[in-house]
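The values are calculated or read from the model by the stated rules, or taken from the named source; none is laboratory data. Keep in mind that this is a model prediction, so the values were computed, not measured. Cβ coordinates were reconstructed from backbone atoms using ideal geometry, including for glycine residues, and neighbour counts include every protein chain displayed. These accessible areas exclude ligands, DNA and RNA; they are computed on the full protein's heavy atoms, side chains included. Shrake-Rupley method; radii C 1.70, N 1.55, O 1.52, S 1.80 Å.
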Amino acid sequence: MDTAPDVVVIGAGFAGLYAVHRLRGLGLRVQGLEAADGVGGTWHHNRYPGARCDSESYYYCYSFSPELEQEWHWSERYPGQTEILSYLDHVADRFDLRRDFSFSTRVVAAHRDEDADRWVVETDRGRWTCRWLVTAVGCLSSANVPDIPGLESFAGRWHHTGQWPHEGVDVAGRRVGVVGTGSTGIQAIPVLAESAGHLTVFQRTANFSIPARNAPLTSEEAAGYKADYTAIRELQQGSTNGHPFVVSDVDVLALPDGERRDLFERAWDRGGLRFRAAVRDVLTDTEVNDAASDFIRTKIHETVHDAAVAEALSPRDHPFATKRPPIDTDYFATYNRPNVSLVDVRADPIAEITPDGVRLASGARHPLDVLVFATGFDALSGPLLRLGLRGSDGRSLADAWAEGATTYLGLGVAGFPNLFTITGPGSPSVLTNMPTSIEQHVDWIADLLAHLRDHDLDAEPTREAQARWAEHVREAADATLLPRASSSWYLGANVPGKPRVFLPYAGGFARYREICDAEAAAGYPGFAPRSRRRRASA
Ligand code: NAP
């Protein structure tokens, strides 16, 4: 097969669907490629028990269509995996997006053909060539399964949460082990505990978690959000992280003890990511963060009956929210169940997987029927690296990123002309509400492609612009407490051998948008647009 779209978009999640819609609207011929057999991206693959979004439903959705906003009905404060997947299926149908996608089509490599000034995209179902290549492969789509000796010998079933079987996994009455207590493990553990015979949680790092306070959305609440969408979207656009919350202006350190405790209690009752919005400066002021961290540790001790287990669950090695803060439903209380036990694998690491379970370094054995890896992802750079991209002069992306992933604005890479990366490393992406960032990135890329088409230009980031942006991304992270979580996936520290570079842009969504707008208004100098014809004759 050799067809010639103007643009190939890789991925059919939130980003790929909107990119196809938006770019098609410019009159471009667009071809979407998706490895899975349907739309959904993250929400197609993450079907583990308890999978639910941490952003609230009324704003974890597209804003580009007011009609869509009004006609779709969310049933709960936080949308579950099946509901988000239904939403994306609805979007694909409503905007007739499927006709431009080839599903069950995995990109195995892509390279620049400089003579033809095109990208050549190789898949397991044929080859496409295109002028522009747009990646919409997500930030958290490359599963990180730890390399533990003996895994292949395990006689039970094991699964990574991000590759959960569509038919589900029967854990009823079984001995289930979960490795990992990040956002995913913290969602899955309470649900697995309800049906497992025994659940063993292998914890390496204790985590701060805030109660989600999920509940059905009442019809009054839903109607209120629908009536308020203009104001909600404005708040998101002016925010640090794409959530429509007004951040408190109260200085918690100036409050007497009792009032401070009341403030934290009210924030705890509000639940979810609103907790953070109630505590000003929590990511920039160590003392404020200590106060919030102490409060959460106290809550853990109040909830968990066994004091030793409560202490093992209390984070002491990183400030609150410097690792992505999970939100939960009954996570800490789950450890009061008689069928749940906590194993500290920092103190006694997993030595090997045996046919019948897990053996720790001390020799202790935990027999298991099902083993769940909630061990996260090779974040941001991983999904791009596995596309096998080669830019000018045949240089691979892996080679270009040997010292760490760098981009310009998270949207392009020097040496890779006419490649555009939605939510790439260096974008605010995972530090924000994803649909908000995705729409901004796609709109910006669409404007750039229209400019390139109208003026017959190519574009790629200059090395200077990329180096300046890398420095700014580092400074933005250093202005916060985020780098203090030295084992965080934000830094690439969760994947052995991955270079340590702070990956997302921590300078805030609104500031990032202004920087992107200024770049566009100035004629995209960091992308150095150049004439296609002159280039061909040169
Ligand atoms: P994660 O945050 O990277 O957590 C992975 C967990 O596995 C950590 O507790 C980690 O311990 C542990 N781990 C990794 N390798 C291990 C090993 N070899 N032995 C023992 N423990 C090991 O991954 P995640 O929980 O999947 O979450 C990733 C991101 O996805 C989240 O931060 C969030 O952005 C997103 N997410 C969102 C939602 C939502 O919106 N509801 C839900 C789930 C995920 P260490 O901390 O010691 O490395």
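Could you sort the peptides 311-319, 515-523, 32-40 by per-residue average Cβ neighbour count (10 Å cutoff), highest mean leading? It would help to have the intermediate numbers written out before the result.
Working: 311-319: 17.8, 515-523: 13.1, 32-40: 21.2.
Packing order, densest peptide first, comes out as 32-40, 311-319, 515-523.
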Ellipsoid semi-axes in whole angstrom, largest first, where each is sqrt(5λ) of the Cα gyration tensor of the range 313-436: 39, 21, 13
Amide H within-cut-off set for Gly357, under 5 Å, with H built and near neighbours excluded: Ala155, Leu368
Straight-distance crosslink candidates among lysines, where the alpha carbon sits under 16 Å from Lys323 and sequence neighbours closer than 8 are dropped: none
Hz values of 3J(HN,Hα) by residue in the range 210-227 - Karplus curve (6.51, -1.76, 1.60), Gly and Pro given as x: 10, x, 6, 6, 5, 6, x, 7, 6, 5, 5, 4, 4, 5, x, 4, 5, 6
Per-residue HN-Hα couplings for the range 413-427 [Karplus 6.51, -1.76, 1.60; θ = phi - 60°; Hz; x = Gly/Pro]: 10, 4, x, 10, x, 6, 9, 10, 10, 7, 6, x, x, x, 9
Virtual spin-label span in nm between Asp93 and Ser195, 7 Å along Cα→Cβ: 2.6 nm
Under-5 Å amide H pairs with Ser239, H placed in peptide plane, nonlocal only: Ala510
Radius of gyration and maximum dimension Dmax of the chain, Cα, Å: 23.5, 75
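What ranking, highest mean first, results for peptides 113-126, 251-264 when packing means the other Cβ atoms within 10 Å averaged over each residue? The partial results should precede the final answer.
Numbers: 113-126: 15.1, 251-264: 13.5.
Highest mean packing first, the order is 113-126, 251-264.
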3J(HN,Hα) from dihedral phi, the range 373-380, Karplus parametrisation 6.51/-1.76/1.60, rounded to Hz, x for glycine, proline: 9, 9, 9, x, 9, 7, 6, 6
Residue (of Gly162, Ala136, Val121) at the positive-pole extreme of the range 111-182, dipole from beta-carbon charges: Gly162
Cα extents of the range 151-373 along the three principal axes, largest first (Å): 55, 39, 27
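Please work out the average accessible area per residue across the chain, using the 1.4 Å probe convention, and give it in Å². Write out the running numbers ahead of the final one.
Numbers: 21330 Å² over 538 residues.
Per-residue accessible area for the chain comes out at 40 Å².
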Apportionment of accessible area to carbon and sulfur, the chain, percent (1.4 Å): 49 percent
Dipole magnitude (debye, nearest 20) for the chain, charges at Cβ of Lys, Arg, Asp, Glu: 1000 debye
Placed amide H near Ala196: partners under 5 Å, 5+ positions off or other chain: Gly173
